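Reviewing the structure listed below.
The values are calculated or read from the model by the stated rules, or taken from the named source; none is laboratory data. Bear in mind the structure is a predicted one, so any value in this text is a computation, not a measurement. Cβ coordinates were reconstructed from backbone atoms using ideal geometry, including for glycine residues, and neighbour counts include every protein chain displayed.
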Amino acid sequence: MKRVPNQPKPAAPQPAAPRWADRFLSWYCRPELLEEIQGDVYELFDQRLETTGLAAARRGFVWDVLRSFRLSTIRHPLPSFSPAMFRNHLQVTVRHLRKQKFYTGIKVVGFALGLACCLLILLFIRHELGYDRFYPDADRLYRVIAEYRQGDRSGIAAFTTTPLAETLERDYPEVERAVRVAPGFYDAGSSLIHLEGETQNVYEEGFMYADPAFLDVFSFRMQQGNAATALTEPYSVVLTEQMAEKYFPDKNPVGQVLILNNNAERPYRITGVMENVPEQSHFRFQFVLSMNSVGDSQLPNWGYSNFFTYVRLQPEADAKALEAKLPEIVHKYIDPDGEAAKAGRSMRFMLQPVPEVYLYSSGIFDNGYFKVGDIQYVWLFAAVALFVLLIASINFINLSTAKSANRAREVGIRKVLGSVRGQLVSQFLTESVLLSVIAFAASLLLAQLALPFFNRLADQHLSLPFGELWFIPGLLLAALALGLLAGAYPSLFLSSFLPAQVLKGKLSQGARSGRLRSALVIVQFTTSIVLIIATLVVQQQMHYIQDKKLGFEKDQTLILEDTYALGNQIQPFKEALKNLPNVAHVTVTGFLPVAGYDRNNTSAWPEGGHLPEAEVGLAKWYVDHDYIPTLGMQMLEGRNFSLDFPSDSQAIILNKKAVAMLGWDDPIGQRVSSYTYLDDKTGELLHKTYTVIGVVEDFHYESMKQDIAGLSLVLGGNTGATALKVHTEDMAQLLEDVQQVWQSFAPTEPFRYHFLDEQFANMYRTEHRVGQLFAIFAGLAIAVACLGLFALAAFMAEQRTKEISVRKVLGASVHSLFFLLTRNFVVMVLVALACAIPLAWYLMHRWLQDFVYRTTIGWEVFAVAGLAALGVTLLTISYQAIRAAFLNPADTLRSE
């Protein structure tokens, strides 16, 4: 198009002052002063624009607006709140809730279920995070751990060497006190116990050796005795209150004598009674034995690691600075000539805060002597709580905005009568907060009713802390905050209606609120599907562990405990068991391939020179001739131990991994040396050389979160337990027969037994509990989502009643109407599935990385989750869709 000649050019747009500053001025300034102040600041803006430029003028405008913000210019707030107005809001709210009983019930039930789930999870999280924080000096307490590296292999252990505690306290001024504990050797761990003068033993757990300063460092309160001297003398023991009441209910226990494991040559005299160890402690002891009772504890051997070392730092000490000095100990005492470092072997000490021991010790080897949790599960359940709360809040928002049309006339009339938006917002927020308070009250009741079941499932002893001052006020504040947050958008949305449009009947909710509702439903189902997939993967991993070939036979294997109590009668006892019908094999050893039994780690090297670079770390188990056939292990090369070969006392059997570590292609007949025991006089680690007679298939003896390690079997006299391979359908009769044999040999000892498959299952008890809890919370999350979906489907069907009637009059079938009403919901579930699959895959892939041996996440997991979500959705909305589709059009259109 041609330009008209001499037509004036359009004027350039005038530079504008910052709009946000102008809006701020209009918001705070008194109406009678606004025109004058606004005129002045704009006049100054125009002047600066001509003299100093746009940027300076805009800065000056903002400054002028802020300078005008004074007490004399601030508008007086409207009386948006008064007791009378609040009573009115409350009355209107109650009237509205009564009128909408169905939707109110859905909101409250969904909110209450979600909040009850969150409350239970938060109790669990609070309990887990509270471990070891009750010590008065918790912020100054640290456990010393050691990181070991050899080539490309590394590991962290909580075991430390004998002289470390003394060295830290002597050479490092940052260390106020250093102590050692040992819960797993000599008479520590579990023991048979009886009082002096009695013969009948009782089985007890929770024995631990400790240095004399232990009670002081951890500030355990003494009920009887002196904490400073109670553990000074050899063969002294301190009991907890629980044990004192159990064994000495009517007399003073101090001065009494305990006999452990029938060893009358080492009688332990009770020197004190301490408070019970709090449940939230990583320690789990009932008896503290004097460390001075153990000869090895005094040997200055830096190669003997059988202790756990704890330090209490000076009040102003810097733990990081102290940790940076600890390599000096390795260079000075452990590897002074640097030979190990040259061979690629290193070690360094680190400080672990005691309050972190329980949750942050995954991957730190402690042989199971302490209670440990996992911070990943804490974060996992925190995310579940957030998901469930999000789903419940979305229900509230969706139903509030969906029913907005029913409140539109009320809003319009109130605005015509003079209500401002703030008053309307406060009214709707009152409704939201009231619902939130009701839901919180209901959730408390639900949580209290569910606590016994939750405690059994989670293996906890949780309770609602009604006695704590913060609990009720905290809940009320949480109810207020959640009510305000969940009601914020519905309140602003409802109060934004224009009265002219509302009263003329021209209100159109538009696509915006519909899109928001759809987005929120998608978020709900994305969350629910993620929980479903997580549950399926956890269950799949558990089945994988149960079904995986272990390298030994765990079924039909009976374990008798504490057979060391039989002393020199152990061989006749074994023969008597072998003579029982249905007993195929019997082996006597405390080294069994499940957690909770004896472990012994050592270093080994091929014969021909003990060089640091040739050393490998192996587990060394002491077994008898019948060990391999009893546990059904597979020999790959060579032979088993045999009574026909007296030389087998110098023989060794390796697993396949150990052979690879030693670098042998043909191991049979090779000679290998390993450490055996500590010389009591010199403190030197002695070693012995063995001949390899066989290779056994690798078998799992630790959690599948760990790789199979190198292992060696040698003949030895360990009698901690006895395992029987049995073949019978009548297990009760077999147990009766075994018990009779036991009582004939050990009439004063308790008869204790387990089954190997049960002990194996206990290794994954935490994962099983997590899987069960996940399934429950996923089910509840879906139930809450379905409640909201059911109510939303009812509302949608109600809104489209006339449309459906017209369609039926025009010949629409029930099938097509059902498709019409469910189509949008199905699309939303499919979109949610597309969003959930990558998120769930990433999260569960991360979780599976904790297992060296793990399942794969196949497409069938996502298919099952998707079909489950789709099926639940269709079942939820089908009732409302079918009900609407079968309505009689004459009833609906009669008034038209």
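Miscellaneous remarks
- Selected residue [without any contact (Cβ under 8 Å) to a residue 24 or more places away in the chain and more than 28 Å from A317 (Cα to Cα)] from F207, F248: F248
- Taken as a whole, the stretch 682-691 holds no residue that is part of a helix (DSSP H, G or I), over 44 Å from the mean Cα position of the chain (by Cα) and at pLDDT below 95.
- Identification of strands (runs of 3 or more DSSP E) wholly contained in the stretch 535-640 with 3 or more residues that are buried (at least 18 other Cβ atoms within 10 Å of the Cβ) and touching a residue at least 12 places away in the same chain (Cβ under 8 Å) yields 557-561, 583-588, 601-606, 616-623.
- Checked against (1) outside any loop (DSSP other than H, G, I, E, B); (2) buried (at least 21 other Cβ atoms within 10 Å of the Cβ), F285 passes all but condition (1).
- Condition met for L507 (at pLDDT below 90, surrounded by fewer than 20 Cβ atoms within 10 Å (Cβ to Cβ) and not in a helix (DSSP H, G or I)): yes
- Qualifying residue in the stretch 345-352 (condition: at pLDDT below 80, out of contact with any Ser or Thr (no Cβ under 9 Å at 6 or more places or on another chain) and more than 30 Å from H96 (Cβ to Cβ)): yes
- Residue within the stretch 103-111 that is within 30 Å of Y377 (Cβ to Cβ), of a type in the set (A, V, I, L, M) and either surrounded by 13 or more Cβ atoms within 10 Å (Cβ to Cβ) or in the same structural domain as G487 (by the TED database) (or both) present: yes
- Extreme residue, farthest from N640 (Cα to Cα), among residues of the stretch 699-716 that are buried (at least 22 other Cβ atoms within 10 Å of the Cβ) and of a type outside the set (S, T, Y): H700
- When G866, G858 are screened for being under 31 Å from the mean Cα position of the chain (by Cα) and under 30 Å from M763 (Cα atoms), only G858 passes.
- Residue check, R59 charged (D, E, K, R), at pLDDT below 85 and not in a loop (DSSP other than H, G, I, E, B): no
- Test: residue in the stretch 741-749 that is among the hydrophobic types (A, V, I, L, M, F, W, C) and either touching a Ser or Thr at 6+ places or on another chain (Cβ under 7 Å) or under 30 Å from V672 (Cα atoms) (or both): no
- Test result for S495, buried (at least 20 other Cβ atoms within 10 Å of the Cβ) and modelled with pLDDT under 85: yes
- With respect to the conditions (1) closer than 16 Å to A565 by Cβ; (2) at pLDDT below 90, I259 lacks only one, and its number is (2).
- Subset tally (residues that are surrounded by fewer than 16 Cβ atoms within 10 Å (Cβ to Cβ) and assigned to a helix (DSSP H, G or I)) for the stretch 139-158: 1
- Looking across the stretch 207-239, the residues that are within 15 Å of Y268 (Cα to Cα) and either not in a loop (DSSP other than H, G, I, E, B) or not assigned by the TED database to the domain that holds V277 (or both) come down to F207, M208, Y209, A210, S236, V237, V238, L239.
- Every residue from the stretch 717-736 that is buried (at least 17 other Cβ atoms within 10 Å of the Cβ), out of contact with any Asp or Glu (no Cβ under 8 Å at 6 or more places or on another chain) and either part of a helix (DSSP H, G or I) or not polar (S, T, N, Q) (or both): A723, L724, V726, L734
- Scanning the stretch 70-92 for residues that are modelled with pLDDT of 70 or more and either among the basic types (K, R) or touching a helix residue (DSSP H, G or I) at 6+ places or on another chain (Cβ under 6 Å) (or both) yields R70, T73, I74, R75, R87.
- Check on E328, at pLDDT 95 or above, under 18 Å from T160 (Cβ atoms) and surrounded by fewer than 18 Cβ atoms within 10 Å (Cβ to Cβ): no
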